Amino acid sequence: MKETTGIVGLDVVPNAREFLISLYEKTLHEIKAVPEGENYRKAVESFPRNSLNECLSEKDGDQIERRIGCDQVEELIEEARDELHLISKMIGWDPWDVPEDYECKVIENDRPIPKHVPLHRPGPLPEEFYKTLEAMASPKPTENIDVSSSGQTTG
């Protein structure tokens, strides 16, 4: 058993596999309160279902980490706890029960952004991106194929 996760504030969970199984089962149960056709439900169900299958088929924590593709099972536990918390919030908010005729009020505000609020502007894209974009936008040269009366092709 590992002694530390190497992450400050994230303790080793000795029975991580069993704990994950419990969290994933609870997640899959709780998400059933969300209507079946909702994209949120589909997205939430996918990861726990696959991860639960990995946990059930594998006993070793290192193998679970490798098969699920994460750094540490303790991080998966934190993510599963967070998802459960979000599920309960989403059920309370009920965002999928918006009437079809509902119109969202748009608030326009032309006031300048305060100086203490950073403006997040992405940096320039790599030159390779622009070259690729230009190559895709420019018309491809077409070959002039001359079929002579002899039936031979010249190009």
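Here's the yes/no breakdown for (1) farther than 23 Å from ILE7 by Cβ; (2) modelled with pLDDT of 85 or more; (3) of a type in the set (Phe, Trp, Tyr):
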position	(1), (2), (3)
ILE31	yes, yes, no
ASN39	yes, yes, no
SER46	yes, yes, no
GLN63	no, yes, no
ILE68	no, yes, no
ILE87	yes, yes, no
ASP94	yes, yes, no
ASP97	yes, yes, no
PRO114	yes, no, no
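Results for (1) touching a Cys at 6+ places or on another chain (Cβ under 9 Å); (2) touching a residue at least 24 places away in the same chain (Cβ under 8 Å); (3) surrounded by 13 or more Cβ atoms within 10 Å (Cβ to Cβ); (4) among the aliphatic types (A, V, I, L, M), shown as yes or no for each residue.
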{"site": "GLU3", "(1), (2), (3), (4)": "no, no, no, no"}
{"site": "VAL8", "(1), (2), (3), (4)": "no, no, no, yes"}
{"site": "VAL13", "(1), (2), (3), (4)": "no, yes, yes, yes"}
{"site": "TYR24", "(1), (2), (3), (4)": "yes, yes, yes, no"}
{"site": "THR27", "(1), (2), (3), (4)": "no, yes, yes, no"}
{"site": "LYS32", "(1), (2), (3), (4)": "no, no, no, no"}
{"site": "ASN39", "(1), (2), (3), (4)": "no, no, no, no"}
{"site": "VAL44", "(1), (2), (3), (4)": "no, yes, yes, yes"}
{"site": "PRO48", "(1), (2), (3), (4)": "no, yes, yes, no"}
Can you name the residue in the range 58-84 that is under 18 Å from the mean Cα position of the chain (by Cα) and open to solvent by 60 Å² or more (accessible area, probe 1.4 Å) and, of all such residues, is nearest to VAL13 (Cα to Cα)?
GLU78
Restricted to the range 100-129, and to residues that are within 27 Å of the chain's Cα centre (by Cα) and not in a loop (DSSP other than H, G, I, E, B), which residue is farthest from ILE31 (Cα to Cα)?
GLU128
Flagged in the range 27-51 as closer than 15 Å to GLU79 by Cβ and either aromatic (Phe, Trp, Tyr) or over 21 Å from the mean Cα position of the chain (by Cα) (or both), in numbering order, are PHE47
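The values are calculated or read from the model by the stated rules, or taken from the named source; none is laboratory data. Note that the structure is a prediction, hence the values are computed from the model and not measured. Neighbour counts run over all protein chains shown; Cβ positions are idealised from the backbone, glycine included. Ligands, DNA and RNA are excluded from the accessible area calculation, which covers all protein heavy atoms including side chains. Shrake-Rupley method; radii C 1.70, N 1.55, O 1.52, S 1.80 Å.
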